[in-house]
Amino acid sequence: MDYEWVSAGSAGAVKAKKMTTTNESHIKNLLIAIGEDPNREGLKDTPKRVVKSWETLFGGYKQNPKDVLTTQFISNHKSMIVCDNIEFYSTCEHHLLPFYGVCHIGYIPNKKIIGLSKMPRLLEVFARRLQIQERLTDQIADSLMEHLDPLGCGIIIKSKHMCMNCRGIQKRNASMITSSIRGIFFQSHVKDEFAQLINLKSKDT
């Protein structure tokens, strides 16, 4: 039985059935298309390995951000909370090549907080899908605002894209930075504090 992709919206889960042999035959045909022999020793099990890897690489389609953020705690904490340098891997939807880097997530609570691990888990929900970095950044911010209702939040992602590093213009040292801010983070002093906490701004400024 093949994967059945049923979208539940850009910020939701996607219903999926287990991938099996039909998907493996597609990978086999891809190997033939690029001029390889899928029956040679090193490639005999490649279709099976590739399909199995999809369970991790695209596991976000089976997750819902609402479920990740369900457990919340009442708190009087009024200052910024930041989880920085969260490593992630995702897949560019234009060329099906990886992009990877770090994500910084910050928010100012509105009487409710979440456990520290929930921020990396939220990132994984959206990173483990076919993505573009701009949308990934926005989805994290929108989910925090919808399901946690903080006073505001800020998301910054810096990553390298293999679709630009190893093909096309082939600039291997180039990276991309995107940001999404919501609520009180639009205020300049809040943005400055966020930047300082994640070391994007010099301590002297």
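Just so it is clear, none of the values below were taken in a lab; they were calculated from the coordinates. Everything numeric in this text was worked out from a predicted model, so none of it was measured. Quick reminder, even Gly has a Cβ in these numbers, built from the backbone with ideal geometry, and neighbours come from all protein chains shown.
Structure summary
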quantity: Between the stretch 107-179 and the stretch 54-75, the alpha-carbon center distance in angstrom; calculated: 14
quantity: Convex hull volume per residue for the stretch 116-166, taking Cα atoms only, in Å³; calculated: 88
quantity: Set of aspartates and glutamates near Lys48 by C-alpha distance (under 20 Å), chain-local residues within fewer than 8 positions excluded; calculated: Asp2, Glu4, Glu24, Glu36, Asp37
quantity: Cα pair distances in the stretch 71-197, grouped into 5 Å bins until the bin that holds the longest one, percent each; calculated: 2, 11, 21, 22, 17, 12, 8, 4, 2, 1, 0
quantity: Too-long pairs where the Cα-Cα distance tops 26 Å, listed order kept, from Lys62/Lys118; Lys66/Lys111; Lys78/Lys191; Lys118/Lys158; Lys44/Lys158; calculated: Lys44/Lys158
quantity: Cα lying deepest toward the dipole's positive end in the chain, options Val50, Ile169, Met145, charges on Cβ; calculated: Val50
